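These notes are about the structure you will find just below.
The values are calculated or read from the model by the stated rules, or taken from the named source; none is laboratory data. Treat the numbers as computed from the prediction; the structure is a model and nothing was measured. Virtual Cβ from ideal backbone geometry, glycine too; neighbours counted across all protein chains shown.
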């Protein structure tokens with residue numbers, strides 16, 4: 001019998017602007033020892049579905065309008081608050097997306113781990129502190145925390161992102177739940193860490209025979225670990241089926257669209273770079289930050305070496321991919337090249353002109369020629385400026401337009417990035433993430449730059465939107481004859497878009513080369529690890545990979 | 001708001017409006033805010049025209065009459081010296097409103113500029129600027145005012161400046177903390193990469209985004225400034241009778257509250273009405289200046 005059986009679940013949000021059907025008539029079931037992956041883009045209702053089972057939704061505005069969710073025969077939707085606490089304590093656990101914010105920074109991880117055991121609502125199930133600690137330490141060991149006895153008394157900030165997610169997993173498992181809900185547990189993690197965490201979840205599930213609901217927007221991530229996949233869109237189920245059926249034999253148009261949107265394979269457009277003329281030259285660039293935490297004033301530990309002695313050249317017309325995990329210094333390198341971060345040593349030259357050491361005033365004409373596209377389209381637009389103001393600002397400031405011509409010029413820009421002209425007077429919050437990124441791209445190309453640095457421009461976007469924005473970027477590069485440095489942690493995206501790739505780690509360049517050559521024959525161990533950790537939307541090869549470890 | 005009409009004639013309709021134009025459109029749809037604005041405008045007009053429309057002179061006494069309850073001759077009654085209360089409240093409003101607006105305006109301008117500069121540039125400049133604020137905070141306010149009065153003599157304008165010079169400290173701190181969180185936002189970095197000058201960035205991208213808390217704090221500052229003036233006057237450092245202000249009238253009213261309640265009630269109503277109007281207008285402005293609230 002299925003451990004969880006949801007049927008006809010309806011969750012509506014009653015907002016001021018009317019009723020939003022976040023989840024509309026959703027039914028599914030999970031068995032013990034089975035993994036159900038719920039896949040969908042943002043706003044598909046995948047998280048709302050699971051949160052409604054645990055009564056974690058804000059009510060109002062959310063309201064459960066119908067359906068049942070039988071957990072071992074008890075309906076989770078109608079049970080009392082006390083019963084729900086019992087379920088949360090004993091039976092169902094959740095792992096949240098962001099390990100940085102889901103642990104309390106003021107308590108040691110040990111204290112947080114044993115919390116559900118020593119403050120159990122059932123008096124007869126309360127365990128003693130010593131017993132609870134013993135159990136927690138054993139569990140920390142099991143999820144791969146080295147030195148668990150010592151780490152038990154550490155605070156969350158003393159752990160890295162991946163380690164925190166391991167702690168979160170231990171926290172979820174400590175009550176020995178029968179159902180584990182994972183809400184995008186690897187989205188905030190680097191690709192190599194992601195592979196490790198996925199493996200860990202798979203392994204723990206098999207040894208403990210728990211049912212897992214795995215929520216993700218990324219089909220590649222679920223391919224290797226899911227038994228069943230449920231695809232959701234706009235609050236309804238598009239398709240449910242065996243993993244292999246979904247990936248290889250889907251009939252649903254939306255699923256096909258999702259699968260097609262995953263960037264795969266090499267860049268299809270030819271390399272436009274046909275000269276050896278270097279547009280950007282970086283020589284022995286160093287960007288250090290003063291380490292606030294360092295107590296000793298000796299020269300070495302006083303600085304965080306974000307970019308440490310990097311030299312590279314970018315030829316006119318090429319798209320250079322810059323890949324690295326978080327903390328590799330890739331964003332700082334981008335900002336240093338654009339003179340947005342103060343450099344410590346070395347030089348950056350653009351079109352043979354040395355930029356490092358220039359005064360802000362002298363840089364202004366050069367800024368016009370180098371632009372940046374930022375990661376988070378929600379933060380990169382001034383919320384109090386309309387699209388028109390945002391797009392006209394660079395044009396007017398650099399004297400590229402007059403009050404008479406500005407209207408026409410902004411409209412051309414809107415056409416260029418695929419926005420409707422009627423939206424000129426709207427504010428950023430009235431747009432979706434993809435549209436906002438289009439506005440940000442419009443602002444970057446407004447001054448007709450020769451060189452653009454795109455810093456993770458698609459990593460905050462849904463996969464179908466991501467594909468559209470990538471195509472837009474390729475299209476603009478082609479049309480406006482741009483040179484681009486494309487920074488990303490996502491190797492598939494970088495392979496799809498760039499002619500040449502640089503792999504960076506801990507502030508230094510590990511390896512560089514033409515994209516396809518590097519993919520085929522990575523020379524460094526680090527590159528090989530990175531490439532082998534990319535999740536592919538191919539269940540058979542993914543399962544083989546996990547099994548082979 | 002004046003140049004809005006000329007701008008719209010240059011721009012075709014679909015080009016959008018500036019934040020301020022949008023704010024005005026939204027504000028004009030907010031009835032409470034409009035009511036507040038109307039009350040304030042009326043009060044200001046009455047204050048300006050007081051010498052022309054006041055029924056009596058503000059120092060005209062009728063000692064035989066003493067304190068009388070409201071009547072047809074004296075709509076709001078008379079005080080213990082037989083002076084007409086309506087007249088005194090009208091004259092008092094001139095002083096109170098002037099203190100409220102001028103001192104707050106002084107605090108606003110210095111506070112925003114100081115706070116935004118310190119927060120935006122950070123580092124050593126920020127440290128120095130904020131230590132100055134700390135030092136001024138630590139100075140006992142009364143001593144500061146008394147010193148000013150002793151050195152420059154009792155002067156009403158000086159009083160405004162002195163109050164403003166104290167109130168800006170909190171404003172500077174509020175603005176600074178706002179700016180520090182805005183400074184690292186990507187849209188500010190985008191402005192840097194467009195080559196905009198520091199001042200342009202502060203003016204166009206930073207200050208408009210700090211407006212919410214600033215407006216709320218301003219609507220709280222104006223009444224507190226008015227009461228501060230009353231306190232100073234009570235101590236003999238501000239306005240002296242026979243001149244009047246609302247705060248002063250309230251203070252004297254409290255003394256005779258039990259025998260002659262109208263001496264407290266009417267100036268109290270005048271002050272409360274102003275505070276209500278300010279709060280409605282402040283809330284309306286805050287919403288109107290935030291594009292995230294809907295236009296309808």
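Scanning the range A:345-383 for residues that are over 22 Å from residue A:450 (Cα atoms) and surrounded by fewer than 23 Cβ atoms within 10 Å (Cβ to Cβ) gives A:345, A:346, A:376, A:378, A:379, A:383.
Quick check on the range A:406-430: of everything there that is within 12 Å of chain B (Cβ to nearest Cβ) and assigned to a loop (DSSP other than H, G, I, E, B), which residue is nearest to the chain's Cα centre (by Cα)? Steps first, answer last, please.
Residues of the range A:406-430 that are within 12 Å of chain B (Cβ to nearest Cβ), as a first pass: A:406-411, A:414, A:420-430.
Now restrict to residues that are assigned to a loop (DSSP other than H, G, I, E, B): A:420, A:424-427.
On the way: A:420: 28, A:424: 29, A:425: 30, A:426: 27, A:427: 25 Å.
Looking at residues that are within 12 Å of chain B (Cβ to nearest Cβ) and assigned to a loop (DSSP other than H, G, I, E, B), I get A:427.
Going through B:147, B:97, B:113, B:125 one at a time, which residue ends up being part of a helix (DSSP H, G or I), touching a helix residue (DSSP H, G or I) at 6+ places or on another chain (Cβ under 9 Å) and more than 30 Å from residue B:205 (Cβ to Cβ)? First the steps, then the outcome.
Working: B:147 fails: touching a helix residue (DSSP H, G or I) at 6+ places or on another chain (Cβ under 9 Å); B:113 fails: more than 30 Å from residue B:205 (Cβ to Cβ); B:125 fails: more than 30 Å from residue B:205 (Cβ to Cβ).
Exactly one of B:147, B:97, B:113, B:125 is part of a helix (DSSP H, G or I), touching a helix residue (DSSP H, G or I) at 6+ places or on another chain (Cβ under 9 Å) and more than 30 Å from residue B:205 (Cβ to Cβ), namely B:97.
No other residue among A:436, A:443 is part of a helix (DSSP H, G or I) and within 23 Å of residue A:320 (Cα to Cα) apart from A:443. When residues in the range A:449-463 are screened for being part of a loop (DSSP other than H, G, I, E, B) and either at pLDDT below 90 or under 23 Å from residue A:218 (Cα atoms) (or both), 7 of them pass.
For the range A:18-94, list the strands (runs of 3 or more DSSP E) that sit wholly inside it and hold at least 2 residues that are out of contact with any helix residue (DSSP H, G or I) (no Cβ under 8 Å at 6 or more places or on another chain) and in the same structural domain as residue A:225 (by TED's automatic domain parsing); which are they?
Numbers: elements: A:18-30, A:35-39, A:62-71.
Filter on the range A:18-94 gives A:18-30, A:62-71.
When residue A:10 is tested against (1) touching a helix residue (DSSP H, G or I) at 6+ places or on another chain (Cβ under 6 Å); (2) surrounded by fewer than 22 Cβ atoms within 10 Å (Cβ to Cβ), exactly one condition is not met: (1).
Taking the condition in a helix (DSSP H, G or I), touching a helix residue (DSSP H, G or I) at 6+ places or on another chain (Cβ under 7 Å) and surrounded by fewer than 17 Cβ atoms within 10 Å (Cβ to Cβ), does residue B:216 pass? So residue B:216 fits the description; yes.
The residue of the range A:357-375 that is farthest from the other protein chains (Cβ to nearest Cβ), among those that are touching a helix residue (DSSP H, G or I) at 6+ places or on another chain (Cβ under 9 Å) and either part of a loop (DSSP other than H, G, I, E, B) or on the phi > 0 side of the Ramachandran plot (or both), is A:358.
Scanning the range A:390-404 for residues that are surrounded by fewer than 18 Cβ atoms within 10 Å (Cβ to Cβ) and within 9 Å of another protein chain (Cβ to nearest Cβ) yields A:403, A:404.
Yes/no matrix, rows are residues, columns are (1) within 20 Å of the chain's Cα centre (by Cα); (2) in the same structural domain as residue A:287 (by TED's automatic domain parsing):
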{"position": "A:487", "(1), (2)": "yes, yes"}
{"position": "A:490", "(1), (2)": "yes, yes"}
{"position": "A:494", "(1), (2)": "yes, yes"}
{"position": "A:508", "(1), (2)": "no, yes"}
{"position": "A:520", "(1), (2)": "no, no"}
{"position": "A:527", "(1), (2)": "no, no"}
{"position": "A:535", "(1), (2)": "yes, no"}
